[in-house]
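Enquirer: There's a structure below that I have some questions on.
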């Protein structure tokens, strides 16, 4: 191969790789350089990036604690609705359907909504160990244009 051709090809390749790395660093859908699964422990609070990563990886059951009237227009993709206003016996019955080994992420509308924290505490009391909170909730989720499901 001609030396005059090799130098521009190497330069283009280096610029392409550098551009890819830079784009990856600023992208919401970035690819980690080293994969480290998020380890969930009871009561752990996740930010929007960690929450979105769990959604992308399909590793967690998302529970939305908002009222049904708020859940049905839009919610985090794949989330199930367990409203914070359910009577304790109905709540316990619904939770029995969820394996205690499941990674669970609970959210509400925003940090001012106490139902997600209450449900996480109740689930921990029942023996669920892999329960995490997304305290900023659905309002922040929408601000970052993450995927939602509309009924």
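The values are calculated or read from the model by the stated rules, or taken from the named source; none is laboratory data. Just so you know, these numbers come straight off a predicted model, no measurement behind them. In this analysis, Cβ positions are derived from the backbone assuming ideal geometry, glycine residues included, and neighbour counts consider all displayed protein chains.
Enquirer: Quick check on region 39-66: of everything there that is more than 8 Å from the chain's Cα centre (by Cα) and at pLDDT 95 or above, which residue is farthest from residue 94 (Cα to Cα)?
Expert: 66
Enquirer: Let me ask another. Within region 74-151, which helices (runs of 4 or more DSSP H) (wholly inside it) include 2 or more residues that are in contact (Cβ under 8 Å) with a residue 24 or more places away in the chain and surrounded by 20 or more Cβ atoms within 10 Å (Cβ to Cβ)?
Expert: Values: elements: 88-95, 115-125, 137-143.
Fully inside region 74-151 and qualifying: 115-125, 137-143.
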